[in-house]
């Protein structure tokens, strides 16, 4: 698997939303706008069980994620491949994402 460049990692540190794509039971894609996190070079997004994304990922652990600069649609980063579902660190991550996207110390919509 290729690693992201420093430039790509810096891009993903910006508060740009991404579109996560998973695969439904019937094989059709399901796309969702998500907040994007990068920790130790690993790109991730946060979701909650009971939603479509984790349901699809449990059956087919493959996803795509594309993040586009809202000010320049020619600047973007896209990753795809196998994924891992985990709840480890999920609360801390959603609080980090709330800081990044809302400038809030904790996620206000738990």
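Only the coordinates and a few stated rules stand behind these numbers; no lab work does. What you are looking at is a predicted structure, and each value in this text was computed from that prediction instead of being measured.
Assorted remarks:
- Based on C-alpha pairs under 8 angstrom that are at least 6 apart in sequence, the chain has a relative contact order of 22 percent.
- With q set to 0.12, 0.22, 0.29, 0.30 Å⁻¹, the log10 of I(q)/I(0) for segment 30-87, from the Debye formula over equal scatterers at the Cα positions, is -0.31, -0.97, -1.45, -1.50.
- Calculated over the chain: convex hull of Cα atoms, volume per residue (Å³): 115 Å³
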